[in-house]
Amino acid sequence: MEKKQIAIIGAGISGLLACKYTLSKGFNPIVFETQSSTGGVWTKTLSTTKLQTPRSSYQFSDFPWPSSVTREFPTHDQVLDYVRSYAYHFDLVKHIKFNAKVVGIEFRGFSDEEMKSWKLWNGNGMPFGSHGKWKVLVKDLKNYSTQLYTVDFVILCLGRFSDVPNIPEFPPNQGPEAFSGKVIHSMDYAAMDYQSAANFVKGKRVTVVGFQKSAMDIAMECSAVNGVTKPCTVLYKTEHWNLPDYLPWGIPLAYLYLNRFSELLLHKPGEGILLSLLATMLLPLRSIFSKFVESYIKRKHRLARYGMVPKHSFVHEISSCLTATVPEKFYDKVEEGSIILKKSQSFSFCEEGILIRREAAAPLETDLVILATGFRGDKKLKDIFVSKTFQNYIAGSPKQTFQLYRSEAFHSIISYGFLTNYNINFIFGFREIIHPQIPQLAVIGYSEGLSNLFTSEMRCRWLAEFLAGTFKPPAIKEMEKDMENWNEYMKRYSGKYCRRSCLSILHIWYSDQLCKDMGMNPKRKKGIFAELFEPYGPMDYVPS
């Protein structure tokens, strides 16, 4: 029998995992990658970028970190080498077409009317159909020729933190066009080599818009180049509980938020009466955990001194995957005056620089503005579809979150601390991997967690089993009901950030659902005490 052809779009971490696990089930994957190498977002980073989560939580379950890497938070070069070593170790590179940009995908075989009448996913509740095929139009970025591929299934591993920058909108004549200086996105800054980036900001009054990881890293690099003579201003909208490390008062954060006991403190999608009652009874303990971490961050960073104490709780922050680690000595730079923190709910441009709302008429004079305002992953995902119907399915309703079945809520606009007025939302379904109304297609790599690699691997393993026929999805109406359960969960714990996709403090519960589908025992520890209190991570799910 001829092998089913699987098109995988993107050769970052998710794309490599999808390739590896579909190969293991006897499929024929072909990976299309825009860049000339593997690595995804790790191929273009700032010089100070390092892993945000501990090394032990960010690794492939069947390919541990080499013994030569001893840092708890490896550098970007070490992460990139690790990811590329994985690709070569499992001989995945031969399945990748580099410098190949997918410009459009179109499903053929059924009309829109036929698909709308389906009660089962793909019409038959199976991963493949007898008539449906995807047409994938690919542009060769070297010779600019195009080629059309026909495949049985598409896996979108486009990533959220690249390609399409999220640029704030401004009224006429109040945007970058009114400014005599230069405005770039953090993506453009990261694309420069390290020496060019240093030369670019040298001697300039720089304003960085945003207050999450990219913004803080760029501000640190600017302060290292210019010092107090040309301080870097960080313009932010919301204070965040950014972590100094993962050891609040000496206790690993994983023991507070990444074990089964910590998940008993939360109401979960589709939980029974007993679990719901237990979560209600343990509510005070969840608050104690949050206050415990907050007290450590406030003390370590001297947040009160700088007026940087957030108004929301740490559990709210981590539930939305908004936490980031602060660069070492960041607040020392604030203390010395080489970094200036400035809060504003909105701003606009004028010839001399930036006008900050509710302040005096005098502008914030600057020579260079770097927008660390995230990316439009939503636009990249939507635009790849030729069908307007599928584009509308992806866009969803403004009142709903981006979900896939067995999923968490999703919002692809990553604000990095300075939200714009975009409000794009999505609806997805089955295990947050397949959409109820879009046949023979899956999305991997759009959700967040304390280890995006681990989350993507579990989903790729699940998807490979699904493609192999190990299990079937429920009826479309059941998928939609499950989606709504996740929607309510995110509203409860993430507040105004509920459109973000985040598994950070419920990843064990989510992984349990995937394990059950795959026929795996979800309980991965030895002994009741270990099962309840030891943190869960990638090595607990080593393939047998």
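The values are calculated or read from the model by the stated rules, or taken from the named source; none is laboratory data. If you're wondering where the values come from, they're calculated on a predicted model, not measured in any experiment. Ideal geometry is used to build each Cβ from the backbone, glycine not excepted, and the neighbour counts take in all protein chains shown. These accessible areas exclude ligands, DNA and RNA; they are computed on the full protein's heavy atoms, side chains included. Shrake-Rupley method; radii C 1.70, N 1.55, O 1.52, S 1.80 Å.
Computed over protein heavy atoms with a 1.4 Å probe, the carbon and sulfur contribution to the accessible area of segment 66-219 reaches 49%.
Close amide-amide hydrogen proximity is noted between His185 and Leu371, each under 5 Å apart and 5 or more residues distant or on a separate chain (H modeled in the peptide plane; Pro and chain starts excluded). The simple spin-label model puts a point 7 Å past each Cα toward its Cβ; for Phe292 and Lys97 those points are separated by 5.3 nm. The packing ranking, built from the mean of other Cβ atoms within 10 Å per residue, places the peptides 212-222, 59-69 in the order 212-222, 59-69, highest first. DSSP beta bridges fully contained in the chain are about 40 percent antiparallel. Computed from backbone phi, the HN-Hα couplings of segment 181-190 come to x, 10, 10, 10, 9, 4, 4, 5, 5, 5 Hz, rounded to whole numbers (Karplus: 6.51 cos²θ - 1.76 cosθ + 1.60, θ = phi - 60°; Gly and Pro given as x). For Phe375, nonlocal amide neighbours, meaning residues 5 or more places apart or on other chains whose placed amide H falls under 5 Å from its own, are Asn166, Ile414.
The phi torsions of segment 58-65, fed into the Karplus equation with coefficients 6.51, -1.76 and 1.60 and a -60° offset, translate into couplings of 10, 7, 6, 5, 10, 8, x, 4 Hz, rounded to whole numbers, with Gly and Pro shown as x. State the antiparallel share, in %, of DSSP beta bridges confined to segment 1-143, rounding to the nearest 5. Counting DSSP beta bridges with both partners in segment 1-143, the antiparallel share is about 60 percent. Sparse packing (at most 13 other Cβ atoms within 10 Å of the Cβ) combined with a DSSP loop state is found for the following trypsin sites (Lys or Arg not before Pro) in segment 317-395: Lys329, Arg357, Arg358. Across segment 194-204, coupling constants 3J(HN,Hα) worked out from phi with the 6.51/-1.76/1.60 Karplus curve, θ = phi - 60°, read 4, 5, 5, 5, 5, 5, 5, 8, 4, x, 10 Hz, and Gly and Pro carry x. The stretch between Ser544 and Ala475, if pulled fully straight at 0.36 nm per residue, gains 21.8 nm over its current Cα-Cα span.
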